[in-house]
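Below is one structure, written out as structure tokens, with a few remarks after it.
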Amino acid sequence: MCGIIGVVGASDTLDVLLEGLERLEYRGYDSAGVALVRPGETWRRRAAAGVESVAALRVACADAPGDARTGIGHTRWATHGAPEAVNAHPHLDCTGRVAVIHNGIIENHAAVREELEARGHHFASVTDSEVLAHLVEESRAAGLDLLDAVRASLAVVHGAFAVAAVDADEPEVIVAARRVSPLIVGTAPGVSYLASDVPAILGRATTFYAVNDDEVVRLGPEGFRAVDLEGSPIRLRQLAIDWDLETAEKGGHDDFLSKEIAEQPEALRATLADRRRRDGAITFDELRIDDDELVAVRRVVLVAAGTSHHAALVAKYAIERWARLSVEVDIASEYRYRDPIVEIGTLVIAVSQSGETIDTIQAAREARRRGARVVAVSNIVDSSLAREADAVIYTRAGLEVSVASTKAFVTQVAALELLALRLAQLRATLPASDVEALFLGLRAVADQVAATLARHDAVRDVAATLAGARDFFFLGRHVGFPTALEGALKLKELTYRHAEGYPAGELKHGPLALIEPGVVVVAVTTDPALHAKMLSNLAEVKARGATVVAVATDDDDSVEAVADFVLRVPATEPLFTPMVDIVVLQLFAYDTARLLGRNVDRPRNLAKTVTVE
Ligand code: M6R
């Protein structure tokens, strides 16, 4: 996700910005840029060199003016537009005096851009963010000061943002605002700072303040004042920060894994933002495949590895149910070696967080070689897989540092289910009202995930009781089965305990022989249609001495009869349950691993990205 920094009143403005951008590197980025402001002049440099972008930017800034006291800087994690210098922030208005940096997604950017272009504005990039620079320009031309110009601009846009704007005509001012995307303000005598994260300004600012949603802040050397979107004064809440740099990079969490688990609501919101046109059509800006081709699809094959494979398994149920297309799911490393059949109308969807997993890339290559159209679902813009595929959908989860995938899973499921709804629209297999209800339901999942995260204490207690267990079976039916597979994968990679995921109905066909006292059975029981069957499976394992942990909805009052422990989750549409239910299983694996003293960010023997077969 993008990083933001700003400073006003400094004598070493460029150093503050570059140091801050370096400290934001852990967020992941593919390009970087700064703008320095002096009276009457906005000076800008940008660089797109992947993880070397800040270093390249430092070189590009060799001729920077030394007397600028105001500046803004940005590291970009591409969502709209390729990771190229032209799309890097800051973006300028038509006059070159206003500069804007933005983290988030402007959902109605296409419509706003069209209107601005019709009024004569010239756009230099294909980003959603650039509309903000031109909106501010118009309000400034109408006589508003920078604070009011930013407020007026934000009234036009929908979506998520942390934004900061400067103008050469108000050279000692930065105006910043927030909705959803993080933003903080810091102060020190004679200097004010803003940043997306504390580490960017740690050691510089002495006092920190939180900017909340729909708050706008005007920073000057003397300090700041904050208003709401209507312009009424407000007070910002002071933050108690006594972190060192390492803690700060983890956002105050003990490790990246817990940070990434906590980021899932935000990651889901970002993945689903900007995905529906005014006429109700689900849209993927980045897809590069037209509707006629999607209408012609007769069969879908999903290829993926590990956690991404589990997300693909969930997608099978959604695409078959909603779009009435036959779907196969293949483990990527198996696909190319089994002489796969690719008929006319076969759409292959290759799912990979990193977009660099060699097995998935090879499977996608093989599918294309045999004539399939390939859509990549990736978290990394311009990853190898995204470049090689015919089309791409980005999951916008932000950087995932921890080896164990968490936010990648929920965002992959969300993106794939969105695609399933698009296919259903094009094939007219669902009434428009159903698509609308499902789309809104999908958007509500982020709140259900947040509610589930708030119950962490209850999960921690169960993990503490069962930390000594050595054998775990994870059971589920329907989409509860891939959820069980993913829950088992999280437990085995984080704790090194033996854990197996099974379809609950398969238990009697062999694995039941392994059930005995000491074995823990974790069961996903959240689908009402299969609830009775799940409970009878649990009665069978309980009768053989297993300890039963059930993931159950809040309104389920029968599960306690067969479960020793119940992990509660909010009820949701059955096909959305994997995104909610997996959260308690992630927390369970995380807590158990911590109790066992494991390194939760870097489990033994594993790599984040597997680039060898
Ligand atoms: O980057 P990818 O999604 O292609 O990675 C696939 C797997 O290597 C990955 O999901 C792996 O299984 C994770 N460590 C699971 O937590």
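The values are calculated or read from the model by the stated rules, or taken from the named source; none is laboratory data. Note that the structure is a prediction, hence the values are computed from the model and not measured. Cβ placement follows ideal geometry from the backbone for every residue including glycine, while neighbour counts extend to all protein chains displayed. With ligands, DNA and RNA removed, areas are computed over all heavy atoms of the protein, side chains included. Shrake-Rupley method; radii C 1.70, N 1.55, O 1.52, S 1.80 Å.
For this structure, a couple of remarks:
- Heavy-atom accessible area per residue - the chain, 1.4 Å, Å²: 36
- Just so you know, the averaged projected area of the alpha carbon convex hull for the stretch 259-444 sits at 9.5 nm².
- Karplus-derived HN-Hα couplings along the stretch 435-445 (A = 6.51, B = -1.76, C = 1.60, θ = phi - 60°), whole Hz, x at Gly and Pro: 4, 4, 5, 5, 4, 5, x, 5, 5, 6, 4
- Protection proxy ranking, highest mean first, for peptides 596-609, 151-164: 151-164, 596-609, where packing is the per-residue count of other beta-carbon atoms within 10 Å, averaged.
- Within-10-Å neighbourhood charge of R368 [Cβ basis; K, R +1; D, E -1]: +1
- Considering only the chain, percent of DSSP beta bridges that pair antiparallel, nearest 5: 60
- Lysine pair count for the chain (Cα-Cα distance under 27 Å; residues 8 or more apart in sequence or on different chains): 29.
- A DSSP coil position with no more than 16 other Cβ atoms inside 10 Å describes the following GluC sites (Glu not before Pro) in the stretch 333-434: E343.
- C-alpha center-to-center spacing [the stretch 11-48, the stretch 226-296] in angstrom: 22
- Rounded if a/c under 1.5, otherwise prolate or oblate - the stretch 455-595, Cα gyration tensor axes: rounded
- Helix 358-369 axis, angle to the chain major axis (alpha carbon atoms, nearest 10°): 90
- Centre separation in Å (Cα based) which lies between the stretch 321-388 and the stretch 545-613: 28
- The three principal axes of the Cα atoms in the chain give end-to-end lengths of 78, 55, 45 Å, sorted in falling order.
- Helix content alone sets the calculated 222 nm mean residue ellipticity of the chain: runs of n ≥ 4 DSSP H residues at -39500 (n - 2.57) each, divided across all residues, give -10500 deg cm²/dmol.
- Trypsin sites (Lys or Arg not before Pro) restricted to the stretch 268-332 and DSSP loop, no more than 16 other C-beta within 10 Å: R277, R278, R288, R298, R324
- Of all beta bridges that DSSP places with both ends in the stretch 257-360, some 10 percent have antiparallel geometry.
- Bridge type composition, the stretch 3-249 - antiparallel percent by DSSP, nearest 5: 95
- Sparse-neighbour loop sites [GluC sites (Glu not before Pro); the stretch 1-66; at most 15 other C-beta within 10 Å; DSSP]: E52
- Amide H contacts under 5 Å for E328: V300, V301, L302, restricted to partners 5 or more places along the chain or on a different chain, H placed in the peptide plane at 1.01 Å from N.
- Global geometry of the stretch 3-249, whether rounded, prolate or oblate, following the gyration tensor of its Cα atoms and the 1.5 cut on a/c: rounded
- Seen against the Cα atoms of the chain and their longest principal axis, helix 577-595 is set at about 90 degrees.
- Between 0 and 90°, nearest 10: helix 306-318 axis offset from the chain longest Cα axis: 80
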